[in-house]
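The values are calculated or read from the model by the stated rules, or taken from the named source; none is laboratory data. None of the values given here were measured: they were computed from a predicted structure. Note that we place each Cβ from the backbone using ideal geometry, even for glycine, and neighbour counts take in every protein chain shown.
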Amino acid sequence: MIATSSSKATFLITASDQPGLVARLAGFFAELGLNIVDASNHSSVELSGTPRFYMRIEVDLDGLTRPAAHARLGESVSRRSLEEAFGRLAHELGATWSVRYADSIAKVALLVTREATCLYDLLLRQQSGELPCEIPLIVSNHSTLERVAESFRIPFFVLPITADTKRAQEERLLELLRRHHIDLVVLARYMQVLTDSLIGSAPPVINIHHGFLPAFQGAKPYHQAYARGVKIIGATAHYATAELDQGPIIEQDVARVDHRMGPDEMARVGRDVERVVLARAVLAHLEHRVIVDGPRTIIL
């Protein structure tokens, strides 16, 4: 499909650092007549001593209709031929890469339990256009938040879960994700541990938790924090992996508290931090700004 003037593509590239990388990558698009509308890159030295290179390039695909693109890609100019040509360059550079197109709107599934703060925040941000995505469904293990989904006219699925039904429940969840062509799953205070099997079969999953892990695990973390007299509370958004709460971190933030605040007030402050951190992480993913490199992320 030939691109229109409103169509853009965002490329993420990871490679071993070497001289001339920026020039080679920028030159590729220049030869095609594609305008680079945004670019950022970073080089870092790993603990192993091997330098790594990361780059995000956003290009206007309108140039695919021009002679330069035909001269480089042949008569069958398309996104596929663009990707094939870029793939050859990436192979020469020993790079891994991915691309996302601005007119391909991501479909996001929200998983919730009983806490509404993050759910409301994400729905309002999506409705106002702040989060460029569609939300085809909300899934919960309880019916508590069904009215929230109804108010936004989004289908709500209740999948109760017990120790005996967990496997069947997750199979049903995967079926829903496939049926709705979901690209991203967001655990908006979904109070269930996902199995390795589900994480391995599902699209990318973003989770939010209070910043006390692992010091304040389990129930009532803000009560534990109050009892210990903490001075800072926070939240962490990360990709879910098979290792519980150890996935690559996307976003974090903190807020100060003091001895005058009780557990309920700390929980209120914590909820505010959680919703903001989760929204930032989801937006970074949707804008194709996150490079996962081993156990960490680079946000460009």
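Only one residue in 59, 77, 112, 99 is modelled with pLDDT under 95 and surrounded by 13 or more Cβ atoms within 10 Å (Cβ to Cβ), so which one is that?
Exactly one of 59, 77, 112, 99 is modelled with pLDDT under 95 and surrounded by 13 or more Cβ atoms within 10 Å (Cβ to Cβ), namely 77.
So that you can scan it fast, the table gives a plain yes or no per residue for (1) surrounded by fewer than 20 Cβ atoms within 10 Å (Cβ to Cβ); (2) part of a strand (DSSP E or B); (3) outside the structural domain of residue 225 (by TED's automatic domain parsing); (4) without any contact (Cβ under 8 Å) to a residue 24 or more places away in the chain:
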residue	(1), (2), (3), (4)
142	yes, no, no, no
149	no, no, no, yes
154	yes, no, no, no
171	yes, no, no, yes
193	yes, no, no, no
**OP:** With the condition kept exactly as written, say whether any residue in the range 51-65 is polar (S, T, N, Q), more than 18 Å from the chain's Cα centre (by Cα) and assigned by TED's automatic domain parsing to the domain that holds residue 267.
**Re:** no
**OP:** Would you confirm whether any residue within the range 271-285 is in a helix (DSSP H, G or I), in contact with a helix residue (DSSP H, G or I) (Cβ under 6 Å, 6 or more places away or on another chain), over 30 Å from residue 54 (Cβ atoms) and modelled with pLDDT of 90 or more?
**Re:** yes
**OP:** For residues that are surrounded by 17 or more Cβ atoms within 10 Å (Cβ to Cβ) and over 18 Å from residue 56 (Cα atoms), tally how many sit in the range 270-300.
**Re:** 9
Subject >> Hits in the range 231-248 (condition: farther than 26 Å from residue 134 by Cβ and surrounded by fewer than 22 Cβ atoms within 10 Å (Cβ to Cβ)) >> reply: 231, 232, 234, 242, 243, 244, 245, 246
Subject >> residue 206 being under 18 Å from residue 273 (Cβ atoms) and either in contact (Cβ under 8 Å) with a residue 60 or more places away in the chain or not in a loop (DSSP other than H, G, I, E, B) (or both) >> reply: yes
**OP:** Go through the range 56-78 and give me each residue that's in contact with a Gly (Cβ under 8 Å, 6 or more places away or on another chain) and in a loop (DSSP other than H, G, I, E, B).
**Re:** 66
